[in-house]
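Beneath this line is the structure, given in structure tokens, with notes to follow.
Bear in mind these aren't lab numbers, they're just calculated from the coordinates by the rules spelled out. No experiment lies behind these values; they were computed from the predicted model shown. Because the Cβ atoms are built from the backbone with ideal geometry, glycine has one as well, and the counts that use them run over all protein chains shown.
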Amino acid sequence: MNPDLLNAAFEAAAALFILNHCRVLYRDKSVRGVSITSTVFFTGWGFWNLIYYPSLGQSWSFYAGMAVVAANALWLGLMLFYLSKERKAAASFEKLQRFLENPPPPSPAFVELMKHKPNWVKN
């Protein structure tokens with residue numbers, strides 16, 4: 001087995017493992033235990049490999065490297081999507097908490113309405 005095929009096999013396996021990360025993230029819909037910074041780094045490295053492998057004449061590694069870059073791009077997209085959803089949900093929850101802790105005063109019209117009880121209300 002030549003070095004290009006061996007490296008391509010590792011790259012292809014990496015793409016499959018990254019796709020597994022995508023599957024788990026899609027299932028859980030929550031980003032936990034992984035740094036987006038490191039994923040950005042490895043995606044950048046993958047793009048570099050798409051320039052580097054052809055310069056070495058390693059076409060199999062290039063094609064497998066394309067799969068790695070595509071899988072990492074998908075993973076990054078899913079991470080950004082779910083992190084955005086989590087932040088929006090957290091902001092909504094905090095807004096609700098602030099409202100419940102310090103509700104606004106009732107409007108003057110409501111206060112006036114409450115002064116006049118209907119006849120059927122006792123007490």
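If you take every residue apart from residue 21 with its C-beta less than 12 Å away from the C-beta of residue 21, what net charge results, scoring Lys and Arg +1 and Asp and Glu -1? The answer is +2. So what's the net charge close to residue 58: Lys and Arg +1, Asp and Glu -1, counting the other residues with Cβ under 15 Å from its Cβ? Result for the neighbourhood of residue 58: -2.
Going through [x] 13.0, 36; [y] 15.8, 50; [z] 27.8, 95, the figure that equals Rg and Dmax of the Cα atoms in Å as computed for the structure here is [z].
Give, in nm to one decimal, the length gained when the segment between residue 81 and residue 32 is fully stretched (0.36 nm per residue of separation minus the Cα-Cα distance). Mind dumping the intermediate values first?
Working: separation 49, 0.36 × 49 = 17.64 nm, distance 1.34 nm.
Here the segment from residue 81 to residue 32 would lengthen by 16.3 nm.
How would you order 19-27, 95-103 from highest to lowest mean count of nearby Cβ atoms within 10 Å?
By packing density, highest mean first, the sequence is 19-27, 95-103.
Per-residue packing, averaged as other Cβ atoms within 10 Å, sorts the ranges 112-119, 45-52 into the order 45-52, 112-119, beginning with the highest.
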